[in-house]
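This report refers to the structure that appears directly beneath it.
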Amino acid sequence: ERQPGWGGFGRAERGESAADGALIEFHRRRMAFFVRAAKESVAGEVWQQLQSEHAGLLEDVMEGRSIGWRELDGAEHPQIGAGNAREEAQRAREELVRRW
């Protein structure tokens, strides 16, 4: 929660600390990134059918948090701190797409 852009995600009403909230948000964003990779690997009409038939699929994906269908196109692998996180994210994405 001390890294830039990662504060304020804790939900006191759920008993979450700021650190817990940041960790949950990190994983929510990571999920959105991988869902985006799945979206990009299927035909557009298949994705539209999935979205219309299972509109609530991305609701409450983790600790009451949801992923918006509209946020997927801009979903990036979350990064905390410095290092080679972008390269690791790219490798993870390529591996996911390869398996599909």
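The values are calculated or read from the model by the stated rules, or taken from the named source; none is laboratory data. What you see is a predicted model, and the numbers here were worked out from it, not measured in a lab. Cβ atoms come from the backbone with ideal geometry, glycine included; neighbour counts cover every protein chain shown. Heavy atoms of the whole protein, side chains included, go into the accessibility calculation; ligands, DNA and RNA do not. Shrake-Rupley method; radii C 1.70, N 1.55, O 1.52, S 1.80 Å.
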For segment 78-86, does any single residue satisfy the condition of being farther than 25 Å from Asp20 by Cα, open to solvent by 50 Å² or more (accessible area, probe 1.4 Å), of a type in the set (D, E, K, R) and part of a helix (DSSP H, G or I)?
no
Of the residues in segment 22-43, those that are assigned to a helix (DSSP H, G or I) and either open to solvent by less than 30 Å² (accessible area, probe 1.4 Å) or hydroxyl-bearing (Ser, Thr, Tyr) (or both) number 8
Arg91 meets each of (1) assigned to a helix (DSSP H, G or I); (2) open to solvent by less than 90 Å² (accessible area, probe 1.4 Å); (3) closer than 24 Å to Gln3 by Cβ with one exception, condition (2)
Per the list (1) at pLDDT 90 or above; (2) in contact with a Lys or Arg (Cβ under 7 Å, 6 or more places away or on another chain); (3) of a type outside the set (Lys, Arg), residue check on Pro78 breaks on (1)
Note: among Val46, Val97, just one is β-branched (Val, Ile, Thr), open to solvent by 50 Å² or more (accessible area, probe 1.4 Å), touching a residue at least 60 places away in the same chain (Cβ under 8 Å) and over 21 Å from Leu23 (Cβ atoms), namely Val97
If we ask which residues in segment 49-74 are without any contact (Cβ under 8 Å) to a residue 40 or more places away in the chain and open to solvent by 50 Å² or more (accessible area, probe 1.4 Å), their number turns out to be 16
